[in-house]
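Below is one structure; the comments refer to it alone.
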Amino acid sequence: MGRKIEQLKIPLINKTIYLDNKVPGLILDTIDNLNLTAKDGRKPILCGKKRTTNGWHLIFNLPPGISFNRVKRYREYFQDAANGLIDLTWNGALQMTIHTGRLPQRLPYCWEPEEYTKMSLPAPVGVSHGGPVLFNLTDSPHLLIAGVPGFGKSNFLHVLIHSLLSKALVAIIDLKRLEFAYLGSHAALARTEAEALALMESLNREMERRIGILEAAGVVKVQDYQGEDMPYIIAIIDELAELKDDRTMELVDRITRLARAVGISVVAATQRPSTKVLPGDTRAMFQARLCFQVADELNSRMVLGESCPLAAHLPGIKGRAIFKFGIEEKEVQTMFLPLKQAKAILNKNPVRAWNYEYQAKRLLPR
Ligand SMILES: Nc1ncnc2c1ncn2[C@@H]1O[C@H](COP(=O)(O)OP(=O)(O)O)[C@@H](O)[C@H]1O
Ligand SMILES: [Mg+2]
């Protein structure tokens, strides 16, 4: 009889640990098997756990002698054990968010920002395991996009342009000359080196003009300025590495350093932002990063920072990327906007809130 109970008990215990609590149990096993202990034998202690809509949130206290960074180095082991994706953050305790759901492989373009947010320039990044990801471009205010060809850099630029066209003046440098041609009457378009230089020069002039106006009015940022209409400006550069002219690059650098307060953002896409393409100091001005598939961890770190090799291990799905802004670091599926749909949207929304003719004259290449 006693034996029978024992036989029953063992599977029951297993059940409570490995079925109801399967994922937390696997994480604890991983900690054991990795020998993640301090010298005195103490281990991270699980002190909180909660189910989320697509996984788990676990909280660990770390004993003295085990640092957050040490645990972070083992992220891959935890991910493989839990068969999901794991975000690790630190706020006095180790916060481990485990996502066991899968992201969609294709996400059609659909954007009604009014439903989500009152941000001044809401940029839709896509969906992550935690739901929609968007950020305020005025906060960053520059965005760097990278990744090997064919995974969605240019498509993301189209998404961004269409999402923000009604809220900002858009200037585009497209030395490949074809991708953005259809936006010719909605944005200031530069398609040769000479036009790119002229565009950057006029953007710099506009920046100086605005800085002068804000200075005279005694305010520190465009959001606080009550005078003339001063719309946000977004300068989009596709294939940054194609810009070979030193003077043009100097002006890009100048804008990224000085334009934050006056409402001018730069969004640049390039296959890999080596120091030849984008000197380290300029790169640092791009606080938001979106990295599609890259060749190796070195490239991932170049784009997303020393501590982030993740873009080298993306699943090879078009439109899949790692988004990094501040401490946020997420895998996202970006929206897909085919050219035909992009054109249809333009035809449907010909009217802008601001006086395009007047404003664009200052920006158009002369
Ligand atoms: N978010 C996405 N979802 C699905 N397919 C995409 C997505 N982005 C891009 N693609 C596909 O990949 C192709 C290449 O994308 P593109 O934006 O031109 O890449 P890149 O500019 O990085 O070379 C597109 O023609 C499209 O078919
Ligand atoms: Mg492209």
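Worth a mention:
- Surface composition of the range 113-363: carbon and sulfur make up 53 percent of the accessible area, probe 1.4 Å.
- Shape class of the range 105-250 from the alpha-carbon gyration tensor: oblate, with a/c at 1.5 or above and b/c at least as large as a/b.
- Diffusion coefficient (Stokes-Einstein, Kirkwood radius over C-alpha pairs, 37 °C, 0.692 mPa s) for the range 27-135: 206 µm²/s, rounded to a whole number.
- Solvent exposure of the chain as accessible area per residue, Å², 1.4 Å probe: 50
- In order along the range 68-82, the phi-based Karplus estimate (6.51 cos²θ - 1.76 cosθ + 1.60, θ = phi - 60°) of 3J(HN,Hα) comes to 4, 4, 5, 5, 4, 5, 9, 3, 4, 5, 5, 4, 5, 5, 8 Hz; Gly and Pro are listed as x.
- When DSSP beta bridges are restricted to pairs lying wholly in the chain, around 60% turn out antiparallel.
- Cα-based radius of gyration of the range 180-310 once divided by 2.2 N^0.38 Å, which approximates compact folds: 1.16
- Derived scalar couplings ³J(HN,Hα) [the range 47-58; Karplus, 6.51 cos²θ - 1.76 cosθ + 1.60; whole Hz; x for Gly, Pro]: 10, x, 8, 8, 6, 10, 4, 9, x, 9, 10, 10
- Near LEU143, the amide H atoms lying under 5 Å from its own belong to VAL266, VAL267, ALA268; only residues 5 or more places off or on other chains count, and H is placed 1.01 Å from N.
- Mean-position separation - Cα centroids, the range 98-149 and the range 152-208, in angstrom: 21
- In sequence order, calculated HN-Hα J values of the range 202-216 (Karplus, 6.51, -1.76, 1.60; Hz; x Gly/Pro): 5, 5, 5, 4, 4, 4, 4, 4, 5, 4, x, 5, 5, 4, 5
- Relative contact order of the chain, pairs being alpha-carbon contacts under 8 Å that are 6 or more residues apart, as %: 19
- Counting lysine pairs in the range 165-283 that sit 8 or more residues apart in sequence, or on different chains, and whose Cα atoms lie under 27 Å apart gives 5.
- Largest-first ellipsoid semi-axes for the chain, taking √(5λ) over the Cα gyration tensor eigenvalues, angstrom: 46, 21, 19
- Put simply, when 196-206, 88-98 are sorted by average Cβ atoms within 10 angstrom per residue, most first, you get 196-206, 88-98.
The values are calculated or read from the model by the stated rules, or taken from the named source; none is laboratory data. Quantities reported herein were computed from a predicted structural model and do not represent experimental measurements. Neighbour counts are summed over all protein chains in view; Cβ atoms, including those assigned to glycine, are modelled from backbone coordinates with ideal geometry. Heavy atoms of the whole protein, side chains included, go into the accessibility calculation; ligands, DNA and RNA do not. Shrake-Rupley method; radii C 1.70, N 1.55, O 1.52, S 1.80 Å.
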